[in-house]
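Peer 1: Dumping the structure here so I can ask a few things about it.
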Amino acid sequence: MIVGLLLNEMAFEGAAKHFHEAPPEIPETLLNRIEEIGIPERYDGNTESYQYAHVTFDPHTTVFERCYKYLRIVRNNIIHANKAYKPDTPKRLQDLLAWAHDFIAAVYETGSPFAQRAREIKAVMQIESF
């Protein structure tokens, strides 16, 4: 699941930043779900705790853009945060990865130009099975 998160996030970044594809419309339930799980922003060694992200959005930000921001935080925390020192509980990690999987699937299910471009990027990179 972690590899799928990484590779799809990379494809989404390419579709958005390099090809400027418009964000697809996805269900708001995905946004509600990730906000219920809660996203730690970063691990603070001084307090030995996570500082939870309080991300603010422009009122015109789409559900996709909000979810994508959270996906990037999840990715960054898995890859860059000191998870060896104080890892998420197995349940929390499973919840975050399950949400990421559902968000990624929802994007592709739209069949939007954004989803098509992300698929093309994965095919060119020969990672289309993720």
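The values are calculated or read from the model by the stated rules, or taken from the named source; none is laboratory data. Fair warning: this is a prediction, and the values are worked out from it, not measured in the lab. Virtual Cβ from ideal backbone geometry, glycine too; neighbours counted across all protein chains shown.
Peer 1: For ARG33, indicate whether it is more than 19 Å from GLU13 (Cβ to Cβ) and either modelled with pLDDT of 75 or more or outside any helix (DSSP H, G or I) (or both). Walk me through it before giving the result.
Peer 2: Values: more than 19 Å from GLU13 (Cβ to Cβ): yes; either modelled with pLDDT of 75 or more or outside any helix (DSSP H, G or I) (or both): yes.
Answer is yes for this residue.
Peer 1: Of the numbered conditions (1) within 25 Å of GLU128 (Cβ to Cβ); (2) modelled with pLDDT under 95, HIS20 fails exactly one; give the number of that condition.
Peer 2: Every listed condition holds for HIS20 apart from (2).
Peer 1: Considering only residues that are of a type outside the set (A, V, I, L, M, F, W, C), closer than 20 Å to ARG117 by Cβ and touching a Ser or Thr at 6+ places or on another chain (Cβ under 9 Å), which ones fall in the range 1-40? Break it down into steps so the answer makes sense when it comes.
Peer 2: First, pick out the residues of the range 1-40 that are of a type outside the set (A, V, I, L, M, F, W, C): 4, 8-9, 13-14, 17-18, 20-21, 23-25, 27-29, 32-33, 35-36, 38, 40.
If we keep only those that are closer than 20 Å to ARG117 by Cβ as well, we get 4, 8-9, 13-14, 17-18, 20-21, 23-25.
Result: GLU21, PRO23, PRO24, GLU25.
Peer 1: Within the range 92-115, is there a residue that is modelled with pLDDT under 90 and under 18 Å from the mean Cα position of the chain (by Cα)? Quick ask: steps written out before the conclusion?
Peer 2: We begin by selecting, within the range 92-115, every residue modelled with pLDDT under 90; these are 92-93.
Filter once more, keeping what is under 18 Å from the mean Cα position of the chain (by Cα): 92-93.
Yes; the residues of the range 92-115 include at least one that is modelled with pLDDT under 90 and under 18 Å from the mean Cα position of the chain (by Cα).
Peer 1: Follow-up. Would you please list the contacts, defined by Cβ atoms under 8 Å and residues six or more apart or on different chains, that run from a residue in the range 2-24 that is on the phi > 0 side of the Ramachandran plot to a residue that is assigned to a helix (DSSP H, G or I) and among the acidic types (Asp, Glu)?
Peer 2: Note: no pairs meet the criteria.
Peer 1: Output the number of residues of the range 87-115 satisfying the condition of being surrounded by 19 or more Cβ atoms within 10 Å (Cβ to Cβ) and of a type in the set (A, V, I, L, M).
Peer 2: In the first step, residues of the range 87-115 are kept if they are surrounded by 19 or more Cβ atoms within 10 Å (Cβ to Cβ); the result is 96, 99-100, 103-104, 106-107, 112, 114-115.
Among the residues that remain, those that are also of a type in the set (A, V, I, L, M) are: 96, 100, 104, 106-107, 115.
Total meeting the criteria: 6.
Peer 1: To continue, here is another question. For the range 50-60, state whether one or more residues are part of a strand (DSSP E or B), surrounded by fewer than 17 Cβ atoms within 10 Å (Cβ to Cβ), modelled with pLDDT under 80 and not polar (S, T, N, Q). Break it down stepwise before answering.
Peer 2: Let us first name the residues in the range 50-60 that are part of a strand (DSSP E or B), namely 50-52.
Next cut, surrounded by fewer than 17 Cβ atoms within 10 Å (Cβ to Cβ) only: 51-52.
When the remaining residues are screened for being modelled with pLDDT under 80, the result is 51-52.
Going one step further and asking which of them are not polar (S, T, N, Q), we end up with 52.
Yes, the range 50-60 has at least one match.
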